[in-house]
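Notes follow the structure.
Read-outs: derived from the displayed coordinates by stated rules, not from any lab. All figures in this text were calculated on a predicted structure; none of them were measured in a lab. Quick reminder, even Gly has a Cβ in these numbers, built from the backbone with ideal geometry, and neighbours come from all protein chains shown.
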Amino acid sequence: MNKKLLFQTENNGFFVYDNETLLNWDIPASEVISKVSVYRSIQLRDQSFILGTISDGILHILPNGELDYQINNRNGLSNNTVQSIFEDIDNNIWLGLNNGINYINVNSPFSIYNEEQAKLGTVYASCIFNNNLYIGTNQGLFYKSFQSKEHFKFIEGTQGQVWSLVIHNNTLFCGHNSGTFTVDNNKVNLISDIQGSWNFIPFKNNQNLLLQGNYDGLYVLKKQEDQWVLRNKIEGFDISSKFFEIVNPNTILMSHEYKGVFKIKVNDDLTKAEEVVMETSVDKGLTSSVFSYHNHQYYAYKEGVFKYDGKTQTFLKDTLLSNLIPKDKYTSGKLVYDKQTDKLFGFSSKALYFLSPGKLSNTPKINNISLSEFLPRGLTGYENISHLKDESFLIGTDSGYLVLNLEMIQEKSFEVTINSVSVSDLDLSFKAVNLSGNTVFENKDNNVEFAFNIPQFDKYLDTEYQYQLVGMDTHWGQWSKNPSVTFKYLPFGNYVFKVRAKVGNTISKNVASYTFEIKRPWLLSNTMIIVYILILWFFSYLIHNLYKRYYKKQREKLLYKTQNELELKELENQKQLMQFNNEKLQQDIENKNRELGISTMNLIKKNEFLNNLKTELKNTIDVKNIKRVVKIIDKNLNNTDDWNLFEEAFNNVDKDFLKKIKNDHPVLTPNDLRLCAYLRLNLSSKEIAPLLNISTRSVEVKRYRLRKKMDLPHESSLTDYILEI
């Protein structure tokens, strides 16, 4: 130090060796140092000191010798015994303790305060007033001198839930579950014992009046003789009023997350609600709120931020302010406006958003800060943030509070690296792979595990990773906090594993990659592929021949079938031809039968006519001439030409009948055959007589003789027998 040798002792502080003289280094922190036992100490790059003690945590001593801070197990450390200290490349402090390792992020924009956690409780409100920092919690109201190292002190009479702290006209108001208080240094004055005081808003036209929201409606506070008193309740409205805003002296907007948004018209003396209207231009919503920003009133809920239009008396969506509570990350519609810095804050599930004026123009800009680890857990709908100094803000949490310094927020560039690659087979026993070695894995080692990280640790910002396995994935996967990934049962092929990281909203400047190949299985090796090709060729050849034989048989079968069909068709045609010929023959037979019948009837009529003529002529006187005529008639009656003609016609109709009956009965004479022919035509004896030129009686005699010649039994019919031949 200043070219002098500095010594650190265990119990007696610092000593300086100068000009062969050892002197005690008397500094402002000497008294504190003398009360602890120092076990380890280092000088940081900024020339300050970290002293690690045996039972009191660490002390940070500035170069001028002042105590900057002390951290022990009451406000952050997991153990008070510090055995080793290390400053990393980013100037962060690592502590080796009795029970593990602790990390102090010196350059973080966040500082966490959970000192005396059980005493402070959950912080719902905070403010700086008269150089004191006041904290309102579920345990009561606490205070300490701003920027001092002292502990918070409890203000008596404030036990219970503190809802709000509001400064108006140099008076600090405390909204409390037990009523309404004004705060004077370390004391409070009760001005109303009506339970459940939510918040306070001044009337612009009268600074001596405050509108107070309570569990049971709205009240008016009045400054009277330098004292604030409860003046009256606004009658006609009894709904709990946690969030409300004054539009004008006679119009109040109030939102209730379960009942909706109300527009309340009050009389001039603020004693009565003359009209209460449920707003229909927006819906009710959990953790919704109304607030004022730049002299305008807004309503915020899960669908966005809506601005109240005094002309139309409706809410219209504000697209810019809606970005303060993104719908996909929505947790609360409570927005907080800080007039001193002109910043409007909104809270989401993973970040703190704030709207601030542009540095180079009046155009407002929306910024977001990742706060996922230390968002106000358990404070949904009760988020609170207050200005401390410069760009520092206090954010209440369920275990104390955070201090955010916006000036320290800076994006750091970083790179992601792949630490290890491991592979395994079916038993999932992973074995590490040399990152610079062979990247071709056996097919059985198709379970691949990658581990990766970034050389940066920030407790207040989420570190997330996103990866893609080219060769299997076509897109990047989802962001994940897991710094490793395992791909199981990968098929053979070439792959490229890619990974990138994100800290808060900053993405790594590189994409780490690892290229590898998984071999083909033995059954798919080049040798086996050749074998498969040969087998395939053999089976193709075999199948080809089988198909060839099959199609040959099918062709032969088809030809045989076709031939049979043709033969059947020919037989069918022949059958049809025979049927046609038979029909034609039958037609000819019928025609000839008809001709034969006609011929027979002509013969019968001719013979009857000649017989009749013969009979008549016999009765004629001129015998000589008559004999000649009778002779001619007899000649015509016995004309063999008629019989021959008949016989020919009969044979055409009933072929071979006469021949057959002649063969069966050789004794039959021509006249017998002639009688058989007439009987075959089913003619009666009377019809046969003229044909034979005999009497009917003679026909019967001839029939009898014919039966005898044929040896027919007595009971058999001659006609039936002849018809059956």
Report the FRET efficiency, 1/(1 + (r/R0)^6), for GLU407 and SER429, where r is their Cβ-Cβ distance and R0 is 51 Å, rounded to 0.05. 0.50
Determine the gain in length on full extension of the stretch SER420-ALA451; use 0.36 nm per residue of separation and subtract their C-alpha separation, reporting nm with one decimal. 10.6 nm
Efficiency of FRET between ASP46 and ASP238 - r from beta-carbon atoms, R0 41 angstrom, step 0.05: 0.10
Distance from segment 57-116 to segment 424-447 (C-alpha centre basis), Å: 42 Å
Which of the aspartates and glutamates could a cross-linker span from LYS334 if the Cα-Cα distance has to be under 16 Å and same-chain partners fewer than 8 positions apart are dropped? GLU245, GLU257, ASP283, GLU303, ASP318, GLU383
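Determine the gain in length on full extension of the stretch ASN91-GLN579; use 0.36 nm per residue of separation and subtract their C-alpha separation, reporting nm with one decimal. Walk me through the numbers before you get to the answer.
Numbers: separation 488, 0.36 × 488 = 175.68 nm, distance 12.09 nm.
Using 0.36 nm per residue and subtracting the Cα-Cα distance, I get 163.6 nm.
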Just list whichever of LYS35/LYS389; LYS153/LYS233; LYS488/LYS519; LYS222/LYS389 have alpha carbons separated by over 27 Å in the model shown. LYS35/LYS389; LYS153/LYS233; LYS222/LYS389
With r as the distance between the Cβ atoms of ASP342 and GLN207 and R0 = 25 Å, compute the FRET efficiency 1/(1 + (r/R0)^6) and round to 0.05. 0.70
Principal-axis tilt of helix 640-653 within the chain, Cα atoms, nearest 10 degrees: 20 degrees
Using Cα centres only, tell me the gap between segment 6-55 and segment 389-419 in whole Å. 31 Å
Of TRP522, TRP228, how do they rank once you tally other Cβ atoms within 10 Å and put the fewest first? TRP522, TRP228
Using modelled backbone amide H atoms (1.01 Å from N, in-plane), which distant-in-sequence or interchain residues come within less than 5 Å of ASN130's amide H? none
Hey, how many Å between the Cα centroid of segment 661-725 and the Cα centroid of segment 512-584? 75 Å
In nanometres, what is the gap between the two model label sites at ASP226 and SER436, each 7 Å from Cα along Cα-to-Cβ? 8.1 nm
The simple spin-label model distance between ASP26 and ASN367, using points 7 Å out along Cα→Cβ, in nm, is 4.5 nm
